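The values are calculated or read from the model by the stated rules, or taken from the named source; none is laboratory data. This one's a predicted model, so the numbers in the text were calculated from it and none came from an experiment. Reconstructed Cβ throughout: ideal geometry from the backbone, glycine too, with neighbour counts over all protein chains shown. With ligands, DNA and RNA removed, areas are computed over all heavy atoms of the protein, side chains included. Shrake-Rupley method; radii C 1.70, N 1.55, O 1.52, S 1.80 Å.
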Amino acid sequence: MRPFRSLSARLTVQFALLFAAAMLGVSAALSTFIAGSASHEVEGQLQSSGAVYDRLWQQRAHELQSAAQLLARDFGFRAAVASGDGATVQSALGNAAARLRVRSAFIVTADGRVSAIDRSIPSTESAALWDPLDSGQLTGIAVLAGRPRQLVAAPIMAPTLIGWVVFAADLDAREMRGLEQLSAIPLHAAVVAYDHGRWAEASGSMSALDGRAAALAQDHVGSASAFEMNLGGTQSIALAKPLPTFSGQDRAILLLAYPKAEAMADARKLQWALGIMTLIGLVLVALATWKAAGRITQPLARLDEAAGRLAAGEHVQVRVRGEDELARLAGSFNEMVGKIAEREQRITQLAFNDVLTGLPNRTMFQQQLDHLLRASAANDGLFALHCLDLDQFKVVNDTLGHPAGDALLIEAAKRLQHAARGHFVARLGGDEFVVLQTVGGDRDAIDRLARDILAEVARPLTVDANEFMPSTSIGIAIAPQDGPDSETLLRSADLALYRAKEAGRGTYAFFEESLNERAQQRRQLETDLRLALERDEFELLYQPLFDLEQNRICSFEALLRWRHPERGLISPVEFVPVAEDTGLIVPIGAWVIREATRRAAAWPGHVRVAVNVSAVQFHRGALHETIIRALGESTLAPDRLEVEITESIFLEGGEATLRLLHSLRSIGVRIALDDFGTGYSSLSYLQSFPFDKLKIDRSFIQNLLTRDGATAIVHAITELANALGIETTAEGVEETAQLMELRAHGCSSVQGFLFSEPMSVDDVEKLFREDGGVLQNVA
């Protein structure tokens with residue numbers, strides 16, 4: 001079918017289909033109702049005919065029964081039977097049979113003798129009737145000499161039972177024709193009997209009845225409902241009624257059938273008339289709908305045409321007269337046309353540009369990168385991909401808030417555009433930026449651009465009265481040598497960026513193939529790290545902390561080590577960052593806490609154990625439950641466990657972090673702030689939480705004797721801690737002069753190679769056995 005070209009045509013078809021469906025539904029319902037009514041009427045006629053046959057059967061049986069009883073009571077007949085007078089018996093039976101219009105009559109005596117007027121019935125079959133007669137069966141159908149017959153019997157008493165007189169009336173077509181004539185409908189009737197394993201028509205007008213049809217009738221015997229069956233190729237509506245039989249081995253059915261075509265003839269006429277009326281109605285509805293739809297859809301067609309032209313890029317206006325709904329729709333359409341142009345421009349801006357900075361976004365960058373890759377492959381040209389992100393951006397964003405972070409991103413975008421003018425600059429998201437630099441024959445231009453970007457971004461910046469010294473790290477990949485496609489090239493630039501950050505940030509690095517090897521090594525390290533706990537490859541070393549007031553060991557810091565089966569001892573500097581990135585630090589940290597508390601439980605009561613907890617473990621590791629469980633299993637007193645944290649845990653947790661710290665301190669666990677003095681807001685944290693100890697960063701201790709500023713800072717920290725009632729520990733003490741200076745400033749305890757390197761748990765136990773941990777020969 002040719003597709004519809006106009007809205008009017010589509011609406012017309014929809015209306016027409018709707019009305020057509022409704023009319024067809026009503027027509028189908030009426031047709032079904034007519035057919036059902038006709039079927040119910042035929043079923044009722046069949047049931048009425050069955051009831052007529054029942055009455056005829058009962059009347060015939062009563063007639064035969066009365067005659068048989070009358071003959072059996074006759075004195076002369078009884079005397080003849082008792083004396084064996086065959087001639088008299090035969091005469092009496094013959095006269096009675098003639099009056100009753102039956103062909104067969106016989107007597108069965110108690111001694112098994114049979115006297116019959118019709119020799120066609122074998123005496124053995126007649127004699128076999130004694131048992132059902134003796135059991136009280138006096139009427140019913142039995143198959144004798146291969147023919148179904150209606151039997152009626154009466155006992156012969158002289159005065160005891162000496163025999164039975166039996167009348168056997170043939171079931172012939174005459175009775176069935178009489179029944180058919182009595183019915184109000186032209187039905188066919190037949191008696192079907194079961195003989196020698198098969199069903200056969202005993203009497204009636206169903207010459208085409210076969211065994212399968214008779215078996216089907218047997219399946220519906222006793223049902224009050226009619227059923228359909230095939231008689232000689234003609235579908236008929238039938239009803240099957242059971243007939244009484246003389247013995248349990250005999251079965252007989254009265255089958256009444258009405259050809260379906262004749263039964264449904266009047267209904268078919270009504271259905272045809274209904275179908276014609278429905279068709280006429282559909283045509284009228286279609287014409288009326290077409291005219292009505294035409295009046296409605298002409299304005300819509302104009303709107304449709306205008307919408308098509310608008311879709312093609314034209315600026316159109318629709319004129320529709322009047323003030324109805326269609327006129328208002330046209331006015332709204334015209335208003336929409338004006339706004340579409342504005343929105344298209346805005347959508348294009350949003351689709352390809354970053355909302356915050358106005359730079360091209362990742363989508364436009366990807367298109368530009370693919371374009372340069374195709375051009376490079378066509379003319380053997382080179383171009384460089386600079387991947388950048390801002391150093392320490394997360395710290396600024398979390399400490400000063402997102403508005404300050406957004407201001408930093410906007411200013412960084414402006415500076416980047418200025419430094420890389422003439423080149424494609426985009427923001428990928430967060431603090432990630434990219435620059436696509438086309439390179440001619442001067443490859444040194446890549447270095448120059450990278451240095452210009454670093455210098456431009458690093459200029460001081462003030463946001464909300466806060467001065468920043470922003471910096472960025474750059475990873476550079478050159479196409480096509482570092483990647484023939486966009487995915488590979490981006491991965492190469494990311495690896496170079498990672499290398500630049502490892503080099504100390506605020507610098508740039510080029511991609512090298514060795515970076516791929518390092519990435520593979522990191523993946524292998526992750527795999528081995530996941531198995532290390534299962535293989536029991538971790539161990540703890542313990543570095544003592546000495547109390548300067550009591551000159552004895554007051555604590556040990558538990559230090560994690562990984563003894564790899566192939567690579568040997570792996571530095572925590574190498575595997576701890578990987579564990580934090582992958583989240584494996586959570587189960588590893590839990591093992592450290594359990595192991596450290598278990599070992600410390602055997603030490604002297606004044607000696608504590610300190611464990612370091614990373615920010616990842618603190619925020620995602622169910623730390624409170626882990627510590628409670630470890631203390632319970634080890635029986636270590638809570639005040640002998642010291643948890644060392646850095647200020648990085650405050651950057652993400654906020655109030656949740658403080659609640660956890662207070663919950664740990666409430667059960668007696670000590671909290672120490674590690675690397676104190678190196679962060680942005682170390683002093684502010686002292687107002688938020690009452691720490692038990694401050695650990696002065698080793699960088700101040702190393703410069704303690706050479707830089708006055710370091711001495712002043714250490715003195716200020718110890719004075720502040722003493723004023724707040726907080727202990728202090730100096731890390732990285734390696735010289736006696738440093739120790740003397742720290743003692744003079746009032747430092748509580750010290751830790752470093754001057755006293756001991758980290759030792760195994762066996763060495764710790766040996767130390768306690770030998771001198772009890774007392775500090776010897778210390779100034």
Could you state the accessible area per residue of region 559-625 in Å², with a 1.4 Å probe and every protein chain left in place?
43
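Using alpha carbons only, what's the Rg to Rh ratio of region 482-543 with Rh from Kirkwood?
Here Rg/Rh amounts to 1.16.
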When you take every Cα atom in region 590-705, what is the radius of gyration, and what is Dmax, the widest Cα pair distance, in Å?
14.5, 45
All lysines inside 16 Å of residue 269 as judged from Cα atoms, apart from same-chain residues fewer than 8 positions distant
260
For residue 394, go through the lysines and keep the ones whose alpha-carbon is under 21 Å away, minus same-chain ones fewer than eight residues off.
414, 501
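Using the Cα centre as the reference, give the magnitude of the dipole from point charges on the C-beta atoms of region 355-475 (Lys, Arg: +1; Asp, Glu: -1; all else neutral), rounded to the nearest 20 debye. Numbers along the way, then the final one.
Working: 11 positive and 16 negative charges, 62 e Å.
For region 355-475, the charge dipole is close to 300 debye.
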Would you mind checking region 541-585 for residues with the amide N under 14 Å from a putative spin-label position 7 Å along Cα→C-beta of residue 531?
564-568
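Let me have the relative contact order for region 465-601, percent, based on Cα pairs under 8 Å that are six or more residues apart.
On the way: 156 pairs, mean separation 21.6, N = 137.
Here the relative contact order equals 16 percent.
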Take the Cα radius of gyration of region 654-771 and divide it by 2.2 N^0.38 Å, with N its residue count; two decimals is plenty.
1.18
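Would you work out what percent of the accessible area of region 574-633, with all protein chains in place, is carbon or sulfur (probe 1.4 Å)?
On the way: 1190 of 2360 Å².
The computed percentage sits at 50.
How long are the semi-axes of the ellipsoid equivalent to region 491-620, from square roots of 5 times the Cα gyration tensor eigenvalues, in whole Å, largest first? Kindly include the intermediate steps, with their values, before the conclusion.
Numbers: eigenvalues 239, 64, 33 Å².
Value: 35, 18, 13 Å, ordered largest first.
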Lys and Arg at +1, Asp and Glu at -1: neighbours of residue 419 with Cβ under 15 Å from its Cβ sum to +3
Over region 358-417, what portion of Cα pair distances is larger than 20 Å, expressed as a whole percent?
46
In Å, the C-alpha Rg and Dmax of region 334-443 are 17.2, 56
